[in-house]
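The values are calculated or read from the model by the stated rules, or taken from the named source; none is laboratory data. The shown structure was predicted, so the numbers you read here are calculated from the model rather than taken from an experiment. When we count neighbours, we look across all protein chains shown, and the Cβ atoms used for this are built from the backbone with ideal geometry, even at glycine. The area values use the complete protein model at the heavy-atom level, side chains included, leaving out ligands, DNA and RNA. Shrake-Rupley method; radii C 1.70, N 1.55, O 1.52, S 1.80 Å.
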Amino acid sequence: MIQRYTVPAVVLHWLIAGLIFVAFPLGVYMSDLPLSPTRLQLYSYHKWIGISVLLLAGLRVVWRLTHRPPALPGDLPRWQRAASHAVHGLLYLLLLAVPLTGWLMSSAKGFQTVWFGVLPLPDLVEKNRELGDALGSAHQWLNYLLLALVILHVAAALKHHFFERQPFLQRMGLGK
Amino acid sequence: MMLKSLTLLAALTLAPAAHAIEYRSVVPAQSRIGFEFTQMGVKIPGHFKRFTAQMAFDPAKPESAQATLEIDLASIDAGSPEADEESAGKLWFNRTAFPRARFVSSRVRALGNNRFELSGTLTLKGRSRPLTIPVRYVPGKDIAFFDGSFVLKRLDFGIGEGMWADVETVANEVTVKFRIAATGK
Ligand code: HEM
């Protein structure tokens, strides 16, 4: 029988992946634009999508802590098992840390985040130029780390699936 | 008779002195001219650091009060360095051509309870518009405060033209909040 993640875990996985797939290039594109209404709009959309990721990632972590993931194939080498745990653990951390640094940076730079223009989030730090710049670099570098890990994560899943012919994509809900 | 008129003179000069203070000297360090604009539904506070003001306000004769205020637009803090820089441009204040904003009062109406309505003309970016501002007088021991807040429509003055005229991104309404501190001399 094929081992699969539970339906909520699968839905959260692909929702978060899809949102990050939009938020990331948007972040890179918008921050190079000259100041204009378009830039302000894109910043807002980026922040709204990012906060949605934070929310979904929070749910995902809670779900993960309360549910066992499907067992890995028994013949998977030990180092790959260890690597898989390490990368998944880091990915969960980054799914929280990336949007959190974005939110805190915005607060420190003096721009409150109002989710979808409706729900004002509290500013957890005071306005402070140096702190804002530091959080901005943190947001940027954590994003590059996230990108590297996502590439590794996708490459590993595809390798197991296509080269080792293990039903890895099915684990995350793809195919029968 | 002589004594009587002397006492009267003393009474006239001394007694009212306690009351008839006329506030004429603005204390910039304790005054503040702030504003709040809305960008993508998010409120952004800002203020002007430099301005000069002349005023004369006698609580006993408020209707004859006068005020002139001049704001150095280069002293803006619009929430971020990018916004400060942007505000100087042609589409916003066009600061090289119009470096200052100016308000000159024309009339004061007492509403009672230390509340007043100050009417005058605001000149910003070469456009002059009548303006009526509610002011609250907060008496103090040596210093008095004049507080108020009102909503300005930025497009009435051509602040934010061209692509910035879209009020969905930056709202037309800007709330101005001020506190002017003055001492009597
Ligand atoms: C999973 C969620 C997120 C991802 C993947 C993400 C990704 C990115 C990326 C790749 C950049 C460009 C970095 C650079 O090259 O300078 C960026 C910039 C930015 N992000 Fe995010 N972000 C996320 C969440 C958030 C959140 C929640 C906020 C705020 C509430 C936010 C606020 C910003 C801001 C303001 C910038 C521009 C910084 C600047 O002006 O230099 N981000 N983001």
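Here are some notes:
- Heavy-atom accessible surface of segment B:21-183: percent carbon and sulfur, 1.4 Å: 52 percent
- Using a probe of 1.4 angstrom and keeping all protein chains present, the accessible surface of segment B:21-183 works out to 50 square angstrom per residue.
- Note on segment A:62-176: the alpha carbon radius of gyration divided by the globular reference 2.2 N^0.38 Å gives 1.40.
- Rolling a 1.4 Å probe across all protein chains gives A:Leu152 an accessible area of roughly 100 Å².
- Think of segment A:7-171 as a dipole: +1 on every Lys or Arg Cβ, -1 on every Asp or Glu Cβ, centred on the Cα centre; then among A:His139, A:Val154, A:Leu19, A:Val154 lies furthest on the positive end.
- Residues along segment A:7-52 losing 50 Å² or more of accessible surface when the other protein chains are present rather than the chain by itself (probe 1.4 Å): A:Leu35, A:Pro37, A:Leu40
- Cα gyration tensor shape for chain B, rounded if a/c is under 1.5, else prolate or oblate: prolate
- Backbone N within segment A:148-168 under 18 Å of label point (7 Å from A:Ala71 Cα along the Cβ vector): A:166-168
- Ratio of Rg to Rh over segment A:1-90 (Cα coordinates, Kirkwood Rh, two decimals): 1.13
- Percent of alpha-carbon pairs separated by more than 16 Å within segment B:48-94: 55 percent
- Checking every one of the trypsin sites (Lys or Arg not before Pro) in segment B:109-146 against DSSP loop status and a limit of 12 other Cβ atoms within 10 Å picks out B:Lys141.
- For chain A, the longest principal axis of the alpha carbon atoms and the long axis of helix A:129-158 meet at an angle near 20°.
- Annotation for segment A:106-176: chymotrypsin sites (Phe, Trp or Tyr not before Pro) lying in DSSP loop with at most 14 further Cβ atoms inside 10 Å of their Cβ are A:Phe116.
- For the cross-link pairs A:Lys127/B:Lys141; B:Lys61/B:Lys153; A:Lys109/B:Lys90; A:Lys47/B:Lys49, the ones whose C-alpha atoms lie over 28 Å apart are A:Lys127/B:Lys141; B:Lys61/B:Lys153; A:Lys47/B:Lys49.
- All-pairs Cα distance distribution in the protein assembly as shown, expressed in whole percent, bin size 10 Å: 5, 19, 20, 17, 13, 10, 8, 5, 2, 1, 1, 0, 0
- For segment A:7-171, with +1 on Lys and Arg beta carbons and -1 on Asp and Glu, the positive-most of A:Pro34, A:Ser52, A:Gly102 along the dipole: A:Ser52
- Projecting the Cα atoms of B:Gln54, B:Pro130, B:Ala101 onto the charge dipole of segment B:21-183, computed from C-beta unit charges around the Cα centre, puts B:Gln54 farthest toward the positive end.
- Chains A and B together bury roughly 1300 Å² of accessible area, counting both sides, with a 1.4 Å probe on protein heavy atoms only.
- Note on segment A:7-171: with neighbouring protein chains present and a 1.4 Å probe, carbon and sulfur make up 72 percent of its accessible heavy-atom surface.
- The protein assembly as shown, helix-only ellipticity at 222 nm - DSSP H runs n ≥ 4, -39,500 (n - 2.57), divided by all residues, nearest 500: -13000 deg cm²/dmol
- Residue-averaged beta-carbon neighbours from other chains (10 angstrom radius) around B:75-83: 2
- Counting only protein heavy atoms and using a 1.4 Å probe, the accessible area of B:Ser64 comes to about 80 Å².
- Against chain B, whose longest principal axis is taken from its Cα atoms, helix B:2-14 shows a tilt of about 20°.
- Nearest 10 degrees, 0 to 90: helix A:78-108 Cα axis against chain A principal axis: 10 degrees
- Loop sites in segment B:74-159: GluC sites (Glu not before Pro), DSSP, at most 11 other Cβ within 10 Å: none
- For segment B:151-185, residues shielded by at least 30 square angstrom of accessible area compared with the chain on its own, probe 1.4 Å: B:Met163, B:Trp164, B:Thr169
- Dipole in debye (nearest 20) - chain B, about Cα centre, beta carbon charges: Lys, Arg +1; Asp, Glu -1: 740 debye
- A straight chain from A:Leu145 to A:Trp79 at 0.36 nm per residue would run longer than the Cα-Cα distance by 21.7 nm.
- Kirkwood analysis of segment B:58-135, using all unique Cα-Cα pairs, places the hydrodynamic radius at 14.1 Å.
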